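Here's the structure we're looking at; comments come further down.
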Amino acid sequence: MHDKGLTTQIDWKNKDAYGRSLSSEKRSQVNRLRKWQNRIRTKDAGERNLQFALSETDRMASALGVPHSVREVASVIYRRALSEDLIRGRSIEGVATSCLYASCRQEGIPRSLEEVTEVSRVDKMEIGRTYRYIAKELSLEMKPADPKEYVPRFCSDLEVSEEVKMKATEIIDETAKQGLLSGKSPTGFAAAAIYAASLLCNEKKTQQEVAEVAQVTEVTIRNRYQEQIEVMGIH
């Protein structure tokens, strides 16, 4: 909540303390009070900005299905950005989305930039650019995303066995150890490992099926897959 829940709240139900319905005269009076109560909750543009940003964050977090802790961290990051005047010249939606993405990274919740973009009202390029700016200006410590974090969810969506999941994790570990992960997209890397594992475990999934779940292109999967099997010496 932009005001941290410290202001009063007039209930939306048109009933009195005893549960009896209000008369039409009382209802119109209460409606006027609600309207004024909503107006005075935000005393300036900064508070209106924060109120809109936090409602957007809440909407996107619900769509992504992330824990409540992620929303809390995202709101803290946004408040910091607002207090340090980092919002100026940028859209509220763009900064709110970037803060939510940063929060997912900090809390170790595997949500790719593509997934966050899907629930946002701004494009991927703006989110990425704003995220880098916010992370730099606020000195947010971001560890690289681990492809293994995406494996359980992707495997669940593809309805493959535990054997495929374990094999994909093994492929990621082995190829990352040999330096193949450096500079690669974690979602594409995880998707390619799952595709390779499904072939090795005789539970073949097409590149298109895996690409749709991971929200990457078939070309990305094909390239990463070729690199992984080459490094592991699989023919």
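Tabulated values for the structure
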quantity: Positive-end residue of Ser156, Thr217, Ser24, charge dipole of the chain with Cβ unit charges; calculated: Ser24
quantity: Given charges at beta-carbon only (K, R positive; D, E negative), |dipole| of the range 45-137 in Debye; calculated: 180 debye
quantity: Charge dipole magnitude, Cβ of K and R +1, D and E -1 - the chain, Cα centre, debye nearest 20; calculated: 1520 debye
quantity: Cα-centre dipole for the range 109-235 with unit charges at Cβ (Lys and Arg positive, Asp and Glu negative), debye to 20; calculated: 360 debye
quantity: Additional length obtainable on full extension of the chain from Glu118 to Arg80, 0.36 nm per residue less Cα span; calculated: 11.2 nm
quantity: Option label - percent of Cα pairs over 34 Å apart computed here, alternatives (1) 45; (2) 35; (3) 38; calculated: (2)
quantity: Gain upon complete extension [Met125, Ser23; 0.36 nm per residue less C-alpha separation]; calculated: 31.4 nm
quantity: Sorted peptide list for 102-109, 123-130, criterion being average Cβ within 10 angstrom, highest first; calculated: 102-109, 123-130
quantity: Inter-label distance, nm, simple model (7 Å from Cα along the C-beta direction), Glu218/Arg132; calculated: 3.1 nm
quantity: Unit charges at the beta carbon, dipole of the chain: most positive-side option, Ile171, Thr117, Ser182; calculated: Thr117
quantity: Computed helical MRE - 222 nm, the chain, DSSP H runs ≥ 4 contributing -39500 (n - 2.57), nearest 500; calculated: -21000 deg cm²/dmol
quantity: Least to most buried among Leu100, Leu138 (fewest other Cβ within 10 Å first); calculated: Leu138, Leu100
quantity: Förster radius 30 Å - calculated FRET efficiency between Asn202 and Met142, Cβ distance, rounded to 0.05; calculated: 0.20
quantity: Proxy reagent accessibility, fewest Cβ within 10 Å first, across Ile87, Ile171, Ile234; calculated: Ile234, Ile87, Ile171
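No lab work stands behind these numbers, since they all come straight from the coordinates. Bear in mind the structure is a predicted one, so any value in this text is a computation, not a measurement. Neighbour counts are summed over all protein chains in view; Cβ atoms, including those assigned to glycine, are modelled from backbone coordinates with ideal geometry.
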